[in-house]
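Heads up: the structure comes next, in structure tokens.
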Amino acid sequence: MPKVVGIDLGTTNSLVAYVDDSGKPQIIADKEGRRLLPSVVHYSKEKGLLVGESAKALLIPNPENTIYSVKRFMGRGIADVEEDLSLLYFSVAKGSEQVIRFNLADKELTPPEISALVLKELKKQAEDFLATDVKQAVITVPAYFNDAQRQATKDAGKLAGLEVLRIVNEPTAASLAYGLDKKDAGIIAVYDLGGGTFDISILNLKAGIFEVLATNGDTHLGGDDFDQKLINLLISEIKERFGLSLQGNAEVLQTIRRFAIELKHRLSQEERAAIEIDLGDYGSYQREFTRAEFEELIRDLVERTIAPCKQALKDAGLKASNIDEVVMVGGSTRIPLVRQRVKELFKREPHIDLNPDEVVALGASIQADIMTGHRKDMLLLDVTPLSLGIETIGNVMTKIIHRNSTIPASAHEMFTTYVDGQTGVDIHVLQGEREFVADCRSLGRFTLKVPPMPAGMARVEVKFLIDANGILNVTAKDVRTGKENSIDVKPSYGLSEEQVEQMLMDSIEFAETDVIERLLVEARNEVDSVLRASAKALETQAAKNLSSEEREKIDQAISELKKATEGKDHRVIRASLKAFNEVSHHLAELMMDNAVELALKHKKVSEI
Amino acid sequence: MSQEARLLEKQCWNCTTLTDEHFCTSCERIQLLDLSTNYFSFFKLPIKFHLNLKELENKFYELSRKFHPDFFSQASEQERRYSTERTSMLNDAYRTLKEPLKRANYLLRLQGFKAIGQETKTPPDLLAEIFELNEQLEELRYAKKSKDNTLFNTLKTQVLDTEKMLKERANELIYNLNSIFSLWDNLPNNSSLEEKKKLLNNISDILSKIKYINNLLENIEEEFDE
């Protein structure tokens, strides 16, 4: 039977999980045993398309063509992300008002397309492991994602060739994985601080039903922001000490970013950490940081998570003292200051027993298991994080479905005409909590078509339905005739259905060239590491024991290998690799006790 | 016959058995939602204000387990749609009925009364208190702006006193609402239209006052929220 997998499509890393035959959720690792797939995509003429670790390795040497943290751009227009863009090293194409388009070599790719490449990689990873087709998936999103961001995620799934059975909120998914169902009843708070987003969800657990009472958050707050604080500090200190301005130097900035991330990780474990950055001719930047210093730097950001927590408690009609359990999710909850603040707020020790990077994917796989009918004892009842409304006279947003309503949820509104012979009624749908239209998120506009009649005679009932994915569906009915009106909602942000279809067609072409390019790049990379390892091996004492005949054969195979790599046929490269392995067999044997042997056997570029 | 026509005839879309349940009594397929169903009848409850909340909650969980879309992901598109529509009705109904004020408003609407919206009139018997409160709030804002802590704390005490008084008033009104609804719930079937209308007018009046006070209380709360 085909498997349905659970996918955590994260800002920094993505994971795929499934529930095994014994009913246990498991993370699916790739062939190298890696459980986290970096959400990084590279595309260039030279290297082709790369996803994950191999793309991440190119962040520094080729920052312009390597995209990371794409989740921050899902369902957004360029006006929303101006601030982020000034910090990035890749560029955005013209016409990015409704959907952002990144320039990657000769292509322009949207966030859903980039995410689809990550999803495809996970799909392949799962198919290799399970030895079966994977066509359906449950994908998680931050609970505080709006309609457009959810739709963009669903589009990404479709573009990756996956039927998205459900978009599940990350904190809710995590609660499924925490084994809290063994508790009979209780109130749980899930605090989820990831790479780019923050969520807080308050759940009522009762006999296997996970009922979300309230959720809140910030879709622009996470580990990336902590990194940026450190990056800014490093840049300004380097400028001060060496008079060296790094602005605009993408390569160096990516290096600085890597140092900042490393610092953050180390200061979460240790009280102090020293770094040294080689600045070439300028010298070397050395500095020791203390944890206290780091905490001072990020204190304001951590504080920004507190107000949403308080609001969620208030919306749930609860006090911090009513919370029975606090669960921590997301890599950023490893930071001691974050744990401390959460502990202070809820006055209890938060759960940190599960790996915060994996718990969301595990939960998503449990949801997939529920949806395929394997378990009936658990059920998630989630809510919509933002109020849904329509524009009314005076640029006012009138709420029709309030935030924290259990989904699916619906609202019926009656519309009529104001002028004799009027044939259309314009409706503007919004999401948000503020009073005026300008302060809310525009979801889309549509025009209700009505036959010409005297003013006020037409009666059209519009049904707004937020489905279990948190995505809006609109239908309309002419009350007089009982006929369904067709509605064409023009989304304010994101892709139209036609655009998604077009991308699906285009990606088939893209896919075929992709595979070939990818095989070529992989083969070349392998040759690269083999050549380096063998060069090392040939310099060792052990190599002296080779007969001159053997040595000659090896040298010849190496030169053939080099020649093959210059060509574009991956099969030729593979064949010469095979030939080389055969002649170098004895060399490998001779090196048995040597550490370099390892490099020859496990020829992994990143480790050499 | 179209699905809609079947619905009017209360026939199962799949096996045409006569059925008026969430699931067909014969083939057990989920049924198309009849949009004329009201929230009370959806839960098989009489149209009364007083209800057992515990029972309502249990029924909500029980029905969620039956027709939540999570359990229909591998079903036909039609059944998936029915499940989503039915569950959205369940959620909307539960949300409305579990809150006394929402339930009261809904009941009024079912009886053809206009719902009490945002446009509440100032209740005449509260005019003096409201006037005073607005003055206090204005001064409080000024004290906050000019960072006059002594003045702020004095005014805060005053506002909190008014808040306490308003809360008591609201509780009284809710008590009244409950008793009038008890009369309504126990009206004999043959009671006159006049009699019904009198009670409903009374209820509507009280609801509008409660709404007004709740708005005031919210304003006060906002003032002290950081």
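The values are calculated or read from the model by the stated rules, or taken from the named source; none is laboratory data. Fair warning: this is a prediction, and the values are worked out from it, not measured in the lab. Positions of Cβ are generated from backbone atoms using ideal geometry, with glycine treated the same way; all protein chains shown enter the neighbour counts. What goes into the accessible areas is simple: the full protein's heavy atoms, side chains included, and nothing from ligands, DNA or RNA. Shrake-Rupley method; radii C 1.70, N 1.55, O 1.52, S 1.80 Å.
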inquiry  = Suppose only helical runs count, i.e. DSSP H with n ≥ 4. What mean residue ellipticity at 222 nm does that imply for chain A under -39500 (n - 2.57) per run, divided by all residues and rounded to the nearest 500 deg cm²/dmol?
reply    = -12000 deg cm²/dmol
key: Nitroxide proxy distance, nm - points 7 Å out along Cα→Cβ at residue A:286 and residue A:589   = 4.9
query = Among A:109, A:374, A:527, whose Cα sits farthest toward the positive end of the charge dipole of the protein assembly as shown (+1 at Cβ of Lys/Arg, -1 at Cβ of Asp/Glu, about the Cα centre)?
reply = A:374
Rounded to the nearest 10 Å², the accessible area of residue A:552 at probe 1.4 Å = 130
ask   = How far is helix A:336-346 tilted off the main Cα axis of chain A, in degrees rounded to 10, range 0 to 90?
value = 20
key: Under 12 Å, Cβ to Cβ, from residue A:432 - net charge with Lys/Arg +1 and Asp/Glu -1   = -1
message = List the residues, sorted by chain then number, that are 5 or more residues from residue B:11 or on another chain and whose placed amide H is less than 5 Å from its amide H.
response = B:19
query = To the nearest 20 debye, what charge dipole does chain A have about its Cα centre, counting +1 at the Cβ of each Lys and Arg and -1 at the Cβ of each Asp and Glu?
reply = 840
inquiry  = Let me cross-check residue A:113: its accessible surface, 1.4 Å probe, with only protein heavy atoms counted, in Å² to the nearest 10?
reply    = 40
query = Can you give the angle from 0 to 90° between the axis of helix A:223-242 and the longest principal axis of chain A, with both taken from C-alpha atoms, to the nearest 10?
reply = 50
remark   = Protection proxy (average C-beta count within 10 Å per residue), highest first, orders B:124-131, B:161-168 as B:161-168, B:124-131
query = Accessible area lost on pairing A with B, both sides, 1.4 Å probe, Å² to nearest 100?
reply = 2200
ask   = Using Cα atoms only, what is the angle between the long axis of helix A:548-566 and the major principal axis of chain A, expressed in degrees (0 to 90) to the nearest 10?
value = 30
remark   = Per residue of A:400-408, other chain Cβ atoms within 10 Å number on average 4
With DNA, RNA and ligands ignored, accessible area of residue B:80 (1.4 Å probe; Å², nearest 10) = 90
task = Name the lysines eligible as straight-distance cross-link partners of residue B:147: C-alpha to C-alpha under 16 Å, and not fewer than 8 places from it in the same chain.
result = B:156
inquiry  = For the ranges B:137-143, A:167-173, A:53-59, what's the packing order if you count other beta-carbon atoms within 10 Å of each residue, average per peptide, and put the highest first?
reply    = A:167-173, A:53-59, B:137-143
request  = Kindly write out, for segment B:161-177 in residue order, the coupling ³J(HN,Hα) from the Karplus curve 6.51 cos²θ - 1.76 cosθ + 1.60 (θ = phi - 60°), rounded to whole Hz, with x marking Gly and Pro.
outcome  = 5, 4, 4, 4, 4, 5, 5, 5, 4, 4, 4, 4, 4, 5, 4, 4, 4
message = Students often forget the sequence filter, so: which lysines lie under 18 Å Cα-Cα from residue A:490 once same-chain residues fewer than 8 apart are removed?
response = A:154, A:449, A:463
inquiry  = Antiparallel versus total DSSP beta bridges in chain A: what percent is that, nearest 5?
reply    = 80
note = Summed over the other residues with a beta carbon less than 11 angstrom from that of residue A:358, with K and R at +1 and D and E at -1, the charge totals -1
key: Long-range HN-HN contacts of residue A:279 with modeled amide H, under 5 Å   = A:284, A:285
Accessible area per residue in Å² at 1.4 Å probe, computed on chain A = 45
Positive-end residue of A:203, A:221, A:148, charge dipole of segment A:147-228 with Cβ unit charges = A:203
key: Charge context of residue B:104, other residues only, Cβ under 13 angstrom, K/R +1, D/E -1   = +4
query = Considering only DSSP beta bridges whose two residues both sit in segment A:100-213, what percent are antiparallel, to the nearest 5?
reply = 75
ask   = Tell me, what ³J(HN,Hα) does each residue in segment B:205-216 have, in order and in whole Hz, if you take phi through Karplus 6.51 cos²θ - 1.76 cosθ + 1.60 with θ = phi - 60° and put x for Gly and Pro?
value = 4, 5, 4, 5, 5, 4, 4, 4, 5, 4, 4, 4
request  = Treating only the Cβ atoms of Lys and Arg (+1) and Asp and Glu (-1) as charged, compute the dipole magnitude of segment A:388-493 about its Cα centre; round to the nearest 20 debye.
outcome  = 140
query = With the dipole of chain B worked out from charges on the C-beta (+1 for Lys and Arg, -1 for Asp and Glu) around the Cα centre, which of B:72, B:219, B:105 lies farthest toward the positive end?
reply = B:72
query = What Cys residues in the protein assembly as shown are without a partner cysteine, judged by a Cβ distance under 4.7 Å?
reply = A:309, A:440
ask   = Carbon and sulfur together cover what percent of the accessible area of chain B at a 1.4 Å probe radius?
value = 49
ask   = Average projected area of the Cα convex hull of segment B:124-224, in nm²?
value = 7.0
task = Evaluate peptide A:464-471: per residue, the Cβ atoms of other protein chains within 10 Å of its Cβ; return the mean as an integer.
result = 3
ask   = Is there a pair in A:536/A:578; B:59/B:197; A:56/A:239; A:347/B:145; A:24/A:264 whose C-alpha atoms are over 25 Å apart, and which pairs would that be?
value = B:59/B:197; A:56/A:239; A:347/B:145; A:24/A:264
task = For segment B:6-71, just say rounded, prolate or oblate: build the C-alpha gyration tensor, square-root its eigenvalues into a ≥ b ≥ c, call rounded for a/c under 1.5, and beyond that prolate if a/b exceeds b/c, oblate if not.
result = oblate
Neighbouring partner chain Cβ atoms per residue of B:83-94, average, 10 Å criterion = 5
request  = Please turn the phi angles of segment A:355-366 into ³J(HN,Hα) values with the Karplus equation 6.51 cos²θ - 1.76 cosθ + 1.60 (θ = phi - 60°), one per residue in order, whole Hz, x for glycine and proline.
outcome  = 4, x, 7, 9, 5, 5, 5, 4, x, 4, 5, 5
